[in-house]
Every structure is written in structure tokens, then in C-alpha cells.
Amino acid sequence: MKVLVGLSGGVDSSVAALLLKEAGHDVVGATMLLWRDGRYKGGARDACFGPGEKRDAAEAAAFCARLGIPYRSFDCADAYERLVLAPWRAAFLEGRTPNPCVRCNAAMKFGALPDLAREAGVDFDAFATGHYARVERGPDGRMRLLRAADRARDQSYFLYRLSQAQLARQIFPLGTLEKTEVRRIAREHGLLAVADKPDSQDFYGGDRDELIGEPDRPGDIVDEAGRVLGRHDGFWKYTVGQRRGLALANPAGTAASEPLYVVRVDPCANRVVVGPKPATVSRAFRVADCNWVSVPAPAPGVELPCAVKIRSVGDPAPGATLLAEPDGSLRVSVPAGLSGVAPGQSAVFYDGDAVLGGGFIIRD
């Protein structure tokens, strides 16, 4: 089988390509180039988006030469600006908390990259990446997205917006492996340049405010009663559940030792509202713009039990129930409560290992 492998220059995608080559597949490596010198300053941190991309692409090319497989790179900088950064920026300025990786995977890594490769004449039957996830065809013929064997590395949360067409041609060679095993395979095959290379911890290597491009807009930090506790430089620098970075004075009648967290962001009033930890807990919220993966969309009025994640880390919270609304949105009930439910975040729903689907949290 002819397989196009998305390469980042890191250990995961490199081992994915290696395993496919050893399995006898006809492998081609491909990298999407997102960074354009002069557009942003960037920074020194390891990240998916930044000036370090040149080094990563060179390492991917050198790896392909060593493995004896063809390598191509594709300029995706303008598409990334339009499809990922622009909506990400707009969401923050509307008081939401977006996750750029969710949109990047669906629109860029699993969308623009293989599409550009095919347009350039690269012939392939399947697309592969180094993501920690699994995919299989269910008995009903529908593709199912599953959690990875390595729970600590599972990336299914970031992949819930992939379409059935994308999943049907997708291979995840690392889905059944532990990260320690992946690094061991790299060392055993002499891939010392990537075997112990740190994982990217951020999506951007520089200051996030640079990408937003908005001048400071000072405003009040208030408690739920409206009392001013401090000042902020821009509401978009805060998200629900945040505690760090809050310079506050406790008003009379408030325990000085009580930690305060962001409860909500009010862009219209240019205010950040804070409260005690219990105030960040939600037992019900609404989700829109849903993408259904392992099951069809439920009919209006149908309730669906599930577990739910509102951020990539940790296990899905059990005991949730989804209620489908006529407009396609969902009412999500979590009796045990979830802390830090922020508009703009993705809520992803699970049944065991299977990703049922997900969508974006919205304000009621």
C-alpha cells in the first residue's frame, strides 16, 4: 500500500514512518510549512508553530533520506493563517477560549497537507501520522475513532473533528504503543537525533499576545457582586478556571486566604469576573457546531449517556448525559460537576474507548 506520512521532525512521526516502511508499505514523507519569516517574531520554545520549523523540516528530510523514502514539503502558511490563526484570534477577542490544535488537525494536518500532496502528483492510498489514537471500521460500516493504548499520550480529544472520509484513509501506527516503546524503537534503529527529542509543549513558541495583535485594553477584575478587586490589561488574557496571573486585593468581608479563580470573561464590559473555586464548577452547559464520529447525530429529544472531556489532559468524566436540541446543539448534564467549563473549548464525548463526537462550548 502507498502511504503518505505527515512528518514533523519528531520521534513520533519518524517512528510511524519507520514502522510502515518495515511493514512493507511504499512510504512518502511530507511536512507542512506553516512559518513565514517576518510575519511574527516567534520564540525559543519547542512548538508546532515557530521559527524552529526550519530545523524540524531539515531533520525530517534527513530522516527520509536515511530511510530511503521520498520527501516533500508544502507551503501551508497562508492556509494556516486563514483557517487556524484567524478564527483562534477572533475567538479570544470574543471572550472565548479556543484550542488551535483541534482546528489545525481537521483543516491542516489531515486536510490541506494530504490534499496538496495529491494535487502535486503524490500518489497514495492512505495517510498516516504519529498521533496516539486508533481507528477502526465498526460493524455498521462507520469509522470509529478510539483512544490510544497509552492513556497518558492519547490524542483522540484533538482529533474529534475529523470526517468519516478522513478517518477512512487514516492510519495511526502508534495507537497500540506506549511512548517509552516508541523511543526505544527509535534508539534501536539508530534514530538518535529524534529518540530523546522533547515533545512540543506549546502550539506557539513565542508570546501568544503577539499572535492576537491587540493593544492592551485595561479593565476591571471584579467579584460576582461587582466589587472591583484589581485590574487587567486585556480580558482575552484570561480564561475560566484560571488562578495564576491574578493580582487582586480582597475586599472587606472576604477571607484574605481564599483563592480566587476566573469565573467568566465579559468582553462587552471589558471585565474579568472572579470567584471561589466552587463558582467555577458547572453541572450543565451547552455545545454547538458538533461533529459526530463513531455514531450518527442523535435525533432531537434523544438522550445519550457518555463520558465527557473539556480539555485534553485527564480521563473523560463519567456520568454525563447529552440531550439533542432541534437546532443541532446539545445540552450536556454532568451531575458531579466539571470545573473550568469555558466557552470556546471543545467538549468531546466518549463511550468507553470510542469517541462519539464533540463540539464547541457556547454561552447560553
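The values are calculated or read from the model by the stated rules, or taken from the named source; none is laboratory data. Every value quoted in this text rests on a predicted model; they were computed, and no experiment measured them. Reconstructed Cβ throughout: ideal geometry from the backbone, glycine too, with neighbour counts over all protein chains shown.
Consider residue 158 carefully, then state whether it is outside any loop (DSSP other than H, G, I, E, B) and in contact with a Cys (Cβ under 8 Å, 6 or more places away or on another chain). In short, yes.
Checking the structure you have, find out if any residue of region 88-98 is β-branched (Val, Ile, Thr), surrounded by 20 or more Cβ atoms within 10 Å (Cβ to Cβ) and either over 16 Å from residue 6 (Cβ atoms) or modelled with pLDDT under 95 (or both). Yes, region 88-98 contains at least one residue that is β-branched (Val, Ile, Thr), surrounded by 20 or more Cβ atoms within 10 Å (Cβ to Cβ) and either over 16 Å from residue 6 (Cβ atoms) or modelled with pLDDT under 95 (or both). Of the strands (runs of 3 or more DSSP E) lying entirely inside region 251-363, the ones with 3 or more residues being of a type outside the set (Val, Ile, Thr), under 21 Å from the mean Cα position of the chain (by Cα) and not assigned by TED's automatic domain parsing to the domain that holds residue 238 are found at 281-292, 303-309, 330-339, 346-351, 354-362.
Picking from 167, 177, which residue would you name as being part of a loop (DSSP other than H, G, I, E, B) and crowded, with 17+ Cβ neighbours inside 10 Å?
One residue alone meets the criteria, 177.
Residue count for region 56-65 under the criterion of being without any contact (Cβ under 8 Å) to a residue 60 or more places away in the chain and touching a Gly at 6+ places or on another chain (Cβ under 9 Å): the result is 6. Being outside any strand (DSSP E or B), touching a residue at least 40 places away in the same chain (Cβ under 8 Å) and closer than 30 Å to residue 52 by Cβ holds for only one residue in 187, 244, 217, 183, and it is 183. Any residue at all in region 162-182 that's modelled with pLDDT of 95 or more and among the basic types (Lys, Arg)? Within region 162-182, one or more residues are modelled with pLDDT of 95 or more and among the basic types (Lys, Arg). Taken over region 76-98, the criterion of being of a type in the set (D, E, K, R) and in contact with a Leu (Cβ under 7 Å, 6 or more places away or on another chain) is satisfied by 89 alone.
Just so you know, in region 333-350 the residues that are of a type outside the set (Gly, Ala, Ser) and more than 12 Å from residue 287 (Cβ to Cβ) include one that is surrounded by the fewest Cβ atoms within 10 Å (Cβ to Cβ), and it is 335.
What do you reckon, is residue 138 surrounded by fewer than 21 Cβ atoms within 10 Å (Cβ to Cβ), at pLDDT below 95 and on the phi < 0 side of the Ramachandran plot? Taking the combined requirement at face value, the residue satisfies it. Residues in region 80-104 that are among the small types (Gly, Ala, Ser) and either in contact with a Lys or Arg (Cβ under 7 Å, 6 or more places away or on another chain) or in contact (Cβ under 8 Å) with a residue 40 or more places away in the chain (or both): 91, 95. For region 4-48, which positions are under 21 Å from residue 168 (Cβ atoms) and surrounded by fewer than 23 Cβ atoms within 10 Å (Cβ to Cβ)? Those that are under 21 Å from residue 168 (Cβ atoms) and surrounded by fewer than 23 Cβ atoms within 10 Å (Cβ to Cβ): 19, 20, 23, 25, 26, 28.
Scan region 187-214 for residues that are basic (Lys, Arg) and either touching a Ser or Thr at 6+ places or on another chain (Cβ under 8 Å) or crowded, with 17+ Cβ neighbours inside 10 Å (or both) and jot them down.
We begin by selecting, within region 187-214, every residue basic (Lys, Arg); these are 187, 197, 208.
Scanning region 187-214 gives a single hit, 197.
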